[in-house]
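The values are calculated or read from the model by the stated rules, or taken from the named source; none is laboratory data. Note that the coordinates shown come from a computational prediction; the quantities given were computed from them, not determined experimentally. Counting neighbours? That spans all protein chains shown, and the Cβs are built from the backbone with ideal geometry, glycine included. Heavy atoms of the whole protein, side chains included, go into the accessibility calculation; ligands, DNA and RNA do not. Shrake-Rupley method; radii C 1.70, N 1.55, O 1.52, S 1.80 Å.
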Amino acid sequence: LMLNSRSFCVIGAGTLGKSIIRGLLRSGKVKPQAIRATVGHEASVAPAKAELEVAVGTDNAAAASGADVVILAVKPQKMNTAAGALRGIELTGKLIITVAAGVSTAQVEAAIGAPAALVRAMPNTPCLLGLGMTAVCGGAHASEADIALARAIFAEVGRTVEVDEYLMDGVTALSGSGPAYIFVVIEALAEAGVKLGISRQTATLLAAQTLMGSAHMVLELGAHPALLKDGVTTPAGCTIDGLMELEEGKLRVTLIKAVVKAAERAARLGGGAHCAGGAPKSD
C-alpha cells in the first residue's frame with residue numbers, strides 16, 4: 001500500500017482529477033515526478049502543468065503505459081474513449097481506477113478489451129479541500145489489495161467507504177450529488193438570516209459553520225442524528241417550532257425523493273438499473 005513506491009497517471013486533469021493529484025502531493029507520500037496527467041486539448045497542457053507542477057500531455061496511452069496506477073477521471077460520455085486508450089498496453093500489475101457516474105466496471109473492461117484490475121470510485125467535490133467522501137467497489141478482477149490501494153489514494157482527499165457495485169448509483173446520488181443539496185440548505189438558512197436582519201455575509205457564515213459543526217458531531221460522536229437533534233430540542237423551546245415547520249414543508253421526504261431521483265438518473269447514464277439495500281464497509 002506504500003504510495004511512495006507507485007507511479008500515477010491521471011487521465012482527465014479536470015477539477016476532480018486535479019483534486020486527486022493535489023491530495024497525493026499534499027500527503028508528501030508521492031513526489032511530483034511520480035505523477036503524469038493528461039488533458040483533452042493541447043492548449044490546456046501549459047496551464048495545467050504550471051498549476052499542478054507535474055508532467056502533463058495529451059497522449060493518454062503514453063501516459064498510462066508507464067504508470068502503476070491509472071485513474072480515469074473523465075465524464076461518463078468520455079469513459080469509453082479514455083478506457084480505449086489502454087487497449088494494447090500491458091496491464092499486468094496495473095490498477096485502473098475509474099471515476100464516472102453510472103459507468104460500471106464491466107463496461108470499462110469491455111472498452112479496454114482485456115481483463116484488468118479495476119476499481120470504480122465515486123468521490124465528491126469537497127475532495128478539493130481534503131474533506132471528500134469517496135465510495136469504491138472492485139471489479140471482477142480486482143483483489144482486496146487493489147481495493148485497499150484505491151482507498152489509500154482517496155484517503156488523502158477525505159474519507160472512504162467500500163460498497164458493492166450495485167449500490168454505486170445510490171452513492172452517486174447521496175454523496176456525489178449531496179454537496180449540491182447541502183449548498184441549497186446553507187443558502188436557504190442564510191436567506192432566513194437576511195430576512196431576520198442579519199447581514200448576508202454573517203448569515204452565510206452562521207449557516208455554513210453550523211452545518212459543518214453538526215456534521216462533525218455525527219461523525220465524531222457516532223450517535224444517531226435523531227438523538228443529536230433531540231439534544232437541541234428543549235421542551236416548549238423555539239427549536240421544536242422550527243422542526244414542525246420543516247415537517248409541514250416535507251423537507252425530510254423531499255430530500256429522500258431528490259436522492260432517489262438522482263440515483264435513477266445515474267443508472268440511466270450507464271444504461272444500468274438502480275437497486276437499493278446492502279451494508280457498506282467503512283473506516
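If GLY130 passes every condition in (1) farther than 19 Å from VAL69 by Cα; (2) at pLDDT 95 or above but one, which one does it miss?
(2)
Identify the residue in segment 14-33 that is in contact with an Asp or Glu (Cβ under 9 Å, 6 or more places away or on another chain) and aliphatic (A, V, I, L, M) and, among all such residues, is most open to solvent (accessible area, probe 1.4 Å).
Here the answer is LEU25.
Does PRO280 count as surrounded by 11 or more Cβ atoms within 10 Å (Cβ to Cβ), in contact with a strand residue (DSSP E or B) (Cβ under 6 Å, 6 or more places away or on another chain) and either within 30 Å of ALA152 (Cα to Cα) or at pLDDT below 95 (or both)?
Details: surrounded by 11 or more Cβ atoms within 10 Å (Cβ to Cβ): yes; in contact with a strand residue (DSSP E or B) (Cβ under 6 Å, 6 or more places away or on another chain): yes; either within 30 Å of ALA152 (Cα to Cα) or at pLDDT below 95 (or both): yes.
For PRO280, the condition - surrounded by 11 or more Cβ atoms within 10 Å (Cβ to Cβ), in contact with a strand residue (DSSP E or B) (Cβ under 6 Å, 6 or more places away or on another chain) and either within 30 Å of ALA152 (Cα to Cα) or at pLDDT below 95 (or both) - is met.
Regarding GLY178, is this residue at positive phi and either open to solvent by less than 80 Å² (accessible area, probe 1.4 Å) or not polar (S, T, N, Q) (or both)?
no
Do we find a residue being of a type in the set (S, T, N, Q), modelled with pLDDT of 95 or more, more than 30 Å from ASP164 (Cβ to Cβ) and assigned to a helix (DSSP H, G or I) anywhere in segment 250-257?
Let us first name the residues in segment 250-257 that are of a type in the set (S, T, N, Q), namely 254.
The next check asks that each one be modelled with pLDDT of 95 or more; those that pass are 254.
Going one step further and asking which of them are more than 30 Å from ASP164 (Cβ to Cβ), we end up with none.
The answer is no; no qualifying residue exists.
Of all the helices (runs of 4 or more DSSP H) wholly in segment 25-110, which have at least 3 residues that are closer than 30 Å to GLU264 by Cβ?
79-84
Based on this model, can you work out whether GLU245 counts as within 22 Å of MET133 (Cα to Cα) and open to solvent by 100 Å² or more (accessible area, probe 1.4 Å)?
Numbers: within 22 Å of MET133 (Cα to Cα): no; open to solvent by 100 Å² or more (accessible area, probe 1.4 Å): yes.
Judged against the criteria, GLU245 is not a match.
Can you tell me how many residues within segment 166-175 are over 13 Å from the mean Cα position of the chain (by Cα) and either free of Cβ contacts under 8 Å to residues at least 12 places away in the same chain or buried (at least 20 other Cβ atoms within 10 Å of the Cβ) (or both)? First the steps, then the outcome.
So the first thing to find is which residues in segment 166-175 are over 13 Å from the mean Cα position of the chain (by Cα), and the list is 166-167.
Still in the running and either free of Cβ contacts under 8 Å to residues at least 12 places away in the same chain or buried (at least 20 other Cβ atoms within 10 Å of the Cβ) (or both): 167.
Residues flagged as over 13 Å from the mean Cα position of the chain (by Cα) and either free of Cβ contacts under 8 Å to residues at least 12 places away in the same chain or buried (at least 20 other Cβ atoms within 10 Å of the Cβ) (or both) within segment 166-175 amount to 1.
Report yes if some residue within segment 208-216 is within 27 Å of MET133 (Cβ to Cβ) and β-branched (Val, Ile, Thr); otherwise report no.
Yes - at least one qualifying residue is present in segment 208-216.
Listed residues LEU131, LEU189, LEU149, LEU211; which is more than 19 Å from ILE256 (Cβ to Cβ) and surrounded by fewer than 16 Cβ atoms within 10 Å (Cβ to Cβ)?
Details: LEU189 fails: surrounded by fewer than 16 Cβ atoms within 10 Å (Cβ to Cβ); LEU149 fails: surrounded by fewer than 16 Cβ atoms within 10 Å (Cβ to Cβ); LEU211 fails: more than 19 Å from ILE256 (Cβ to Cβ).
Answer to the check: LEU131.
Out of segment 86-108, which residues are touching a Leu at 6+ places or on another chain (Cβ under 9 Å) and buried (at least 21 other Cβ atoms within 10 Å of the Cβ)?
Those that are touching a Leu at 6+ places or on another chain (Cβ under 9 Å) and buried (at least 21 other Cβ atoms within 10 Å of the Cβ): LEU86, LEU95, ILE96, ILE97, THR98, VAL99, ALA100, ALA101, GLY102, VAL103, THR105, VAL108.
Return yes when LEU118 is in contact (Cβ under 8 Å) with a residue 24 or more places away in the chain and over 15 Å from THR172 (Cβ atoms) and no when it is not. Quick ask: steps written out before the conclusion?
Working: in contact (Cβ under 8 Å) with a residue 24 or more places away in the chain: yes; over 15 Å from THR172 (Cβ atoms): yes.
Here the answer is yes, as LEU118 does meet what is asked.
May I ask you to verify whether THR160 is β-branched (Val, Ile, Thr), open to solvent by less than 20 Å² (accessible area, probe 1.4 Å) and within 26 Å of ALA262 (Cα to Cα)?
On the way: β-branched (Val, Ile, Thr): yes; open to solvent by less than 20 Å² (accessible area, probe 1.4 Å): yes; within 26 Å of ALA262 (Cα to Cα): yes.
Taking the combined requirement at face value, the residue satisfies it.
For (1) within 19 Å of GLN107 (Cα to Cα); (2) open to solvent by 40 Å² or more (accessible area, probe 1.4 Å); (3) free of Cβ contacts under 8 Å to residues at least 24 places away in the same chain, each residue gets a yes or a no:
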residue	(1), (2), (3)
VAL39	no, no, no
GLU42	no, yes, yes
ALA48	no, no, no
LEU52	no, no, no
ALA55	no, yes, yes
ASN60	yes, no, no
VAL70	yes, no, no
ALA73	yes, no, no
GLN77	yes, yes, yes
